[in-house]
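Here the structure is laid out as structure tokens; the discussion comes afterwards.
The values are calculated or read from the model by the stated rules, or taken from the named source; none is laboratory data. Everything numeric in this text was worked out from a predicted model, so none of it was measured. No Cβ is skipped: glycine too gets one built from the backbone with ideal geometry, and neighbour counts run over all protein chains shown. The area values use the complete protein model at the heavy-atom level, side chains included, leaving out ligands, DNA and RNA. Shrake-Rupley method; radii C 1.70, N 1.55, O 1.52, S 1.80 Å.
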Amino acid sequence: MSEQEGEQSDRKKYEFQKVIEDLRDYEGSGTQLVTIYIPPDKQISDVVAHVTQEHSEASNIKSKQTRTNVQDALTSIKDRLRYFDTYPPDNGVVLFSGAIDTGGGQTDMVTKVLENPPEPVQSFRYHCDSAFLTEPLEHMLADKGLYGLIVLDRREANVGWLKGKRIEPVKSASSLVPGKQRKGGQSAQRFARLRLEAIDNFYQEVAEMANDLFVPERGDLDGVLVGGPSPTKDEFLDGDYLHHEIQQQVLGKFDVAYTDESGLYDLVDSAEDALADAEVMKDKKEMEEFFEQLHDGNKATYGFEPTRQNLMMGSVDRLLLSEDLRKDVVVYECGDKEEYEFIDQRANTPDHTCEDGAEAEMQKREDAIEFLMNIAEQRGTETKFISTDFEKGEQLKSAFGGVAGILRYSTGV
């Protein structure tokens, strides 16, 4: 995928995510919110026939209000289906329609059409409930990449997942391996044999724990990482304790000091090269470069207004936006120039006084990410969405307002 295609994909994912967040908040009185998933090989005429049948059957709904709302939703969907040819777009289409509660016994009809989701719609689904069915779409938007994680020494072990950018500890075990000092009365040979048996038993327990977790997912597994001190991890891997299919997916073994849950995080850090393509490492590298420039260089910008000014100058190489940024930009006309407010999406539009004291005239209010991405696209700037699932990613959101950039050259802004 080219950089341009990647950015278009990121923008589309963000736009879909925004719609999904809105849809999740909607509720209907009774089962009156309709969701339809249409796969790319389903003829539109068949879907229209299905919707027509559902419309007819909805006349049997006892509640007049629910009956009216369901039939109105189906009519709205039928109207939208007319815009498609024989088949839907390449990845299919998802339609949502229904009367949502707006408070005080009032409702508002909402219809959303999402064409070409990130992955093909797998099967036709008609769903009518008090909430829209968004889970299949959310699954498509979930971070990709699945890695099995194992950290162990002779005392304890932890196994878990790296799912996209998220580390999930799952299982742990403690060993009964005795220390190297033998108890009185035991021969050195017998003690050594018992200790080796205990180590072998523990390695078998760890392998069983990992196999139980990883084998069912082996078709989706992108690799397995094993960490711990030497020689423990070497003994474990060389002893072929893991299921043969899992053993073949081991990407590498890494020196890790801790083998509790924190060791899983250390393992991901230590395996940076092996995970070069994993999203979490890409995000970490962007933020590490940003902090290097912030502290020791002069090619970092942060905060909405300085970043916007740098974007307008064409000096931003990469625009860094927090995935959890939920802000709006309000644009005001102040004489012959524009001024801006960067506000929470749930906040009311504020009054604005121009820098020269004149009264401001509001021009528009739009999503901050779309506002900044539009400028970035015009100036040839790459946009990177940064997860909050690691410390520096969280800092981007909390300490820098969710907006930053790595510059092509220093501007002093």
| task | Within 10 Å, count the other beta carbons around each residue, average over each peptide in 20-29, 223-232, and list them highest first. | result | 223-232, 20-29
| In percent, how large is the relative contact order of the chain, given Cα pairs closer than 8 Å and 6 or more residues apart? | 13 percent
| said: Out of the total accessible area of the stretch 1-144 (probe 1.4 Å, heavy atoms of protein only), what percent is carbon and sulfur? | reply: 42 percent
| message | Within 14 Å, Cβ to Cβ, of D296, how many net charges do the neighbouring residues add up to if Lys/Arg are +1 and Asp/Glu are -1? | response | -2
| task | Calculate what fraction, in whole %, of the accessible area of the stretch 263-413 sits on carbon and sulfur atoms when a 1.4 Å probe is rolled over the protein chains. | result | 39 percent
| said: Output wanted: per-residue J couplings in Hz (rounded whole) for the stretch 371-384, from phi through Karplus 6.51 cos²θ - 1.76 cosθ + 1.60, θ = phi - 60°, x for Gly and Pro. | reply: 4, 6, 5, 4, 5, 4, 5, 5, 9, x, 9, 7, 9, 10
| remark: Diffing the stretch 299-310: the Karplus 3J(HN,Hα) column from phi (6.51, -1.76, 1.60, θ = phi - 60°), in whole Hz with x for Gly and Pro, holds 10, 10, 9, 7, x, 4, 5, x, 5, 4, 4, 5
| Computed from the mean reciprocal separation of all distinct C-alpha pairs, what Kirkwood hydrodynamic radius does the stretch 333-399 have, in Å? | 14.6 Å
| Can you list the cysteines of the chain that have no other Cys Cβ under 4.7 Å away? | C128
| query | Considering amide H positions built from the backbone, and no H for Pro or chain starts, which residues 5 or more places from L407, or on another chain, come under 5 Å of its amide H? | reply | A300, T301, D317
| request: Return a whole-number percent for the relative contact order of the stretch 321-413, with Cα pairs under 8 Å and 6 or more residues apart as the contact set. | output: 34 percent
| task | Based on the mean of other Cβ atoms within 10 Å per residue, sort peptides 350-359, 381-390, 46-55 so the most packed one is first. | result | 381-390, 46-55, 350-359
| request: Might you tell me the accessible area per residue for the stretch 362-413, computed with a 1.4 Å probe and given in Å²? | output: 44 Å²
| Which listed pairs, of K285/K384; K337/K364; K165/K285; K327/K364; K165/K299; K282/K397, have C-alpha distances above 19 Å, in listed order | K165/K299
| query | Between the DSSP loop rule and a limit of at most 14 other Cβ atoms within 10 Å, which chymotrypsin sites (Phe, Trp or Tyr not before Pro) in the stretch 51-153 are left? | reply | Y83
| Integer Hz, Karplus 6.51/-1.76/1.60 couplings in order for the stretch 61-75, x for Gly and Pro | 5, 5, 5, 4, 5, 5, 4, 5, 5, 5, 5, 5, 4, 5, 5
| So what are the stretch 300-413's ellipsoid semi-axes, whole angstrom, largest first, if each one is the square root of 5 times an eigenvalue of the alpha-carbon gyration tensor? | 24, 17, 12
